[in-house]
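Inspection log for the structure reproduced underneath, given as structure tokens.
The values are calculated or read from the model by the stated rules, or taken from the named source; none is laboratory data. Keep in mind the model is a prediction, meaning the values are calculated, not measured. Every residue, glycine as well, gets a Cβ built from its backbone with ideal geometry; the counts of neighbours run over all protein chains shown.
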Amino acid sequence: MASTQDIYLEHFGLTQRPFSLVPDPEFLFWSRAHRGAFAMLEYGLVTRAPITLITGEIGVGKTTLLQHFVAGLGDEISVGLIANARRGTSDLLRWVMPTLSQPVAPDESEVSLLNRFQDYLIEEYAQGRRVLLAIDEAQNLGLEALEELRMLTNINAGKDELLQLVLVGQPELRDTVRRPDMTQFAQRVAANYHIPAMDGPTVLGYIAHRLTVAGGEPALFSRQAADLVQEATGGVPRLVNQLCDLAMTYAFSAGQRRVRRATVVQVIDDGVFFAGGGAVAPRLAGKGQ
């Protein structure tokens, strides 16, 4: 017997679920904002910016964009990727070094770690490679950790800086960098971009894109349904995915081949969609296709 998911996919002619909450570069939607953010990542790389800063609200696709960027880097760049910075992180080099395949002994001193890190950067430079350290959820870093990162970007060989940082995080990261006592850090940020939530037309395109990638009909959601999805979610992609998945489940249960506004209204009115603090799901009993 086919599983519920198999029936769900078959009903809508899909090869995979289009609105999974797991970040997946295959589904990356190149909105104008995401193109701008990616262009800034590339600009920072090419211009050897000491620090590139990418911010955005929870769920706007920052992690997926970062994964796509890192996956496209060539062998001439050695990448250390920290996928989830922890709050209150101390002893920064103890968790930076392993991401660059550099072992750390439990009893190794901070002086030794710093000397080995400098030697590593110089050796990579001598081999014609640059080192890029990318940190996701960087809003969790404290002031001390950010200052330590800034100091690491000062390591150079003549006129060439040996380490580039890409920091990706929520808007609090930008607020932190703008603090008066973070002036030195801010002066090292040579490239930055903030990804906003999606507007109505962008949400419509986003939904159509994900349905197409999943092998389905891009117009499966009516325009009126997509407009209500945008209103209920505030245009945050993660919330859009959640509400769209629920709406498709409702449509499937009702034997419908298309998601209309009335279906989204029912999902919202039933209280099964939890928007959290970022968006307010309205209770709307309206007509429309």
query = Filtering segment 171-195 down to residues that are outside any helix (DSSP H, G or I) and crowded, with 18+ Cβ neighbours inside 10 Å, which residue is farthest from the chain's Cα centre (by Cα)?
reply = Val189
task = Starting from residues that are part of a loop (DSSP other than H, G, I, E, B) and on the phi < 0 side of the Ramachandran plot, keep the ones in segment 46-70 and report whichever is surrounded by the most Cβ atoms within 10 Å (Cβ to Cβ).
result = Val60
message = Among the residues that make up segment 112-119, is at least one of them farther than 20 Å from Glu144 by Cα and not small (Gly, Ala, Ser)?
response = yes
query = Hey, among the residues in segment 87-101 that are out of contact with any strand residue (DSSP E or B) (no Cβ under 9 Å at 6 or more places or on another chain) and surrounded by 12 or more Cβ atoms within 10 Å (Cβ to Cβ), which one's nearest to Leu173 (Cα to Cα)?
reply = Thr89
Test: residue in segment 242-250 that is among the acidic types (Asp, Glu) and more than 24 Å from the chain's Cα centre (by Cα) = no
key: Arg178 vs. criteria free of Cβ contacts under 8 Å to residues at least 40 places away in the same chain and more than 22 Å from Gln16 (Cβ to Cβ)   = yes
key: Pairs with Cβ under 8 Å, 6+ apart, first in segment 37-55 and more than 16 Å from Leu133 (Cα to Cα), second surrounded by 22 or more Cβ atoms within 10 Å (Cβ to Cβ) and of a type in the set (Gly, Ala, Ser)   = Ala37/Gly56; Thr55/Gly169
inquiry  = Taking the criterion of being touching a residue at least 60 places away in the same chain (Cβ under 8 Å) and either outside the structural domain of Phe185 (by TED's automatic domain parsing) or over 20 Å from the mean Cα position of the chain (by Cα) (or both), would at least one residue in segment 78-89 satisfy it?
reply    = no
ask   = Consider Ser20 against the criteria (1) closer than 30 Å to Leu162 by Cβ; (2) surrounded by fewer than 18 Cβ atoms within 10 Å (Cβ to Cβ); (3) in contact (Cβ under 8 Å) with a residue 24 or more places away in the chain: it satisfies all of them except one. Which criterion is unmet?
value = (1)
query = Only one residue in Thr233, Thr212, Thr183 is under 16 Å from Phe19 (Cβ atoms), of a type outside the set (Asp, Glu) and out of contact with any helix residue (DSSP H, G or I) (no Cβ under 7 Å at 6 or more places or on another chain), so which one is that?
reply = Thr212
task = Would you point out which residue out of Leu143, Leu73 is in contact with a strand residue (DSSP E or B) (Cβ under 7 Å, 6 or more places away or on another chain) and either surrounded by fewer than 18 Cβ atoms within 10 Å (Cβ to Cβ) or modelled with pLDDT under 95 (or both)?
result = Leu73
message = Condition first: among the hydroxyl-bearing types (Ser, Thr, Tyr) and either closer than 28 Å to Val60 by Cβ or at pLDDT 95 or above (or both). Now tell me which residues in segment 82-100 satisfy that.
response = Thr89, Thr99
note = The condition of being in the same structural domain as Leu73 (by TED's automatic domain parsing) and not in a helix (DSSP H, G or I) holds, among Val111, Val168, only for Val168
inquiry  = Out of the residues in segment 196-239 meeting the condition of being β-branched (Val, Ile, Thr) and within 30 Å of Leu45 (Cα to Cα), tell me which one is nearest to the chain's Cα centre (by Cα).
reply    = Val236
note = Scanning segment 146-165 for residues that are among the hydrophobic types (A, V, I, L, M, F, W, C), buried (at least 16 other Cβ atoms within 10 Å of the Cβ) and assigned to a strand (DSSP E or B), the one farthest from the chain's Cα centre (by Cα) turns out to be Leu163
Options Glu217, Glu172; residue that is acidic (Asp, Glu) and out of contact with any Leu (no Cβ under 7 Å at 6 or more places or on another chain) = Glu172
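Given the residues Glu42, Glu26, which is the only one that is closer than 16 Å to Ala208 by Cα and either at pLDDT 95 or above or assigned to a helix (DSSP H, G or I) (or both)?
Step by step, each of Glu42, Glu26 is checked, and only Glu26 is closer than 16 Å to Ala208 by Cα and either at pLDDT 95 or above or assigned to a helix (DSSP H, G or I) (or both).
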